[in-house]
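Undergrad: Below are the C-alpha cells for one structure; questions will follow.
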Amino acid sequence: MAEPLFREIEHTADLGIEVEADTPHDLFRRAGLALFSLMVSLEDVEPREEREQVVQADGWEELLHDWLSALLHQFLQDGFIAVSIAIDEIDATHVRARLAGEKLDYERHAFETEIKAVTYHQLAVTQEDGRWRARVIFDV
C-alpha cells in the first residue's frame, strides 16, 4: 500500500495537516494534493486540463504558504481541482509545477470541506534525517 499523502492533526477550530517526503519536490506535491483532497474527493476528478503554477517567496515556509494559497486561489476563483501535480523546479525561493485536473462539478464530485485560507499559525518546513516535513493549518 502506498504511503498516505498526509495526516490530519488536531487543532481547535481549524484543520491541520502534516506531510512527509524524501524531497522538497515530493513534499510540495503531496501538500498540494492534500489541500485539494481535503476540499473534494479526488476519486472522480479527471486530468482534463493542465495548468502551470509558479510561485516565488523568501524561504521554505513562506514558499509553502504561498504555494498552497495559490492552489486554493485557483479553486476559489474558478473551481479548479488538481488530481496530479508534477513539480518541475523547486528551491527555497521558487516552485514551478504542472497541475492536471478539472473544474468542480457538483454532480460528479463529492465536496468535502470548505477551506478559506492557508494560515501562518504553526507553519513549519523542516529537514531531518534525510526526510522533509511540513505542518500547515487551514482556516475552515
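Undergrad: Which count do you get for residues in region 95-125 that are in a strand (DSSP E or B) and loosely packed, with under 12 Cβ neighbours inside 10 Å?
TA: Total meeting the criteria: 1.
Undergrad: Looking at region 82-94, which of its residues are surrounded by 15 or more Cβ atoms within 10 Å (Cβ to Cβ) and β-branched (Val, Ile, Thr)? Break it down stepwise before answering.
TA: First pass over region 82-94, keeping only residues surrounded by 15 or more Cβ atoms within 10 Å (Cβ to Cβ): 82-85, 87, 90.
Within region 82-94, Val83, Ile85, Ile87, Ile90 meet the criteria.
Undergrad: In addition: Which members of region 112-140 meet the condition of being β-branched (Val, Ile, Thr) and free of Cβ contacts under 8 Å to residues at least 12 places away in the same chain?
TA: Correct list: Thr126 only.
Undergrad: Taking the criterion of being touching a Lys or Arg at 6+ places or on another chain (Cβ under 6 Å) and touching a residue at least 24 places away in the same chain (Cβ under 8 Å), would at least one residue in region 55-77 satisfy it? Please lay out each step first, then the result.
TA: At the first step, the residues of region 55-77 found to be touching a Lys or Arg at 6+ places or on another chain (Cβ under 6 Å) are none.
No: region 55-77 contains no residue that is touching a Lys or Arg at 6+ places or on another chain (Cβ under 6 Å) and touching a residue at least 24 places away in the same chain (Cβ under 8 Å).
Undergrad: Among (1) at pLDDT 95 or above; (2) under 24 Å from Glu112 (Cα atoms), which single condition is Phe6 missing?
TA: Exception for Phe6: condition (1).
Undergrad: To continue, here is another question. Of the residues in region 15-50, how many are assigned to a loop (DSSP other than H, G, I, E, B) and either surrounded by fewer than 17 Cβ atoms within 10 Å (Cβ to Cβ) or without any contact (Cβ under 8 Å) to a residue 24 or more places away in the chain (or both)?
TA: 6
Undergrad: Filter region 100-140 down to the residues that are within 14 Å of His73 (Cα to Cα), acidic (Asp, Glu) and touching a helix residue (DSSP H, G or I) at 6+ places or on another chain (Cβ under 8 Å) and list them by number.
TA: Initially, region 100-140 is screened for residues within 14 Å of His73 (Cα to Cα), giving 103-104, 114-119, 138-139.
Among the residues that remain, those that are also acidic (Asp, Glu) are: 114, 139.
Within region 100-140, Glu114 is the sole residue that qualifies.
Undergrad: In region 70-93, which residues are in a strand (DSSP E or B) and either basic (Lys, Arg) or within 15 Å of the chain's Cα centre (by Cα) (or both)?
TA: Residues satisfying the conditions are Phe80, Ile81, Ala82, Val83, Ser84, Ile85, Ala86, Ile87, Ile90.
Undergrad: Out of all the residues in region 81-140, which are of a type in the set (Gly, Ala, Ser) and out of contact with any strand residue (DSSP E or B) (no Cβ under 8 Å at 6 or more places or on another chain)? If you could, list the steps in order and put the result at the bottom.
TA: In the first step, residues of region 81-140 are kept if they are of a type in the set (Gly, Ala, Ser); the result is 82, 84, 86, 92, 97, 100-101, 110, 117, 124, 130, 134.
Listed by number, the residues that qualify are Ala92, Gly130.
Undergrad: Can you name the condition, by its number, that Gln53 falls short on among (1) out of contact with any Gly (no Cβ under 9 Å at 6 or more places or on another chain); (2) in a strand (DSSP E or B)?
TA: With (1) out of contact with any Gly (no Cβ under 9 Å at 6 or more places or on another chain); (2) in a strand (DSSP E or B) applied to Gln53, the lone miss is (1).
The values are calculated or read from the model by the stated rules, or taken from the named source; none is laboratory data. This is a predicted model, so every value here is computed, not measured. In this analysis, Cβ positions are derived from the backbone assuming ideal geometry, glycine residues included, and neighbour counts consider all displayed protein chains.
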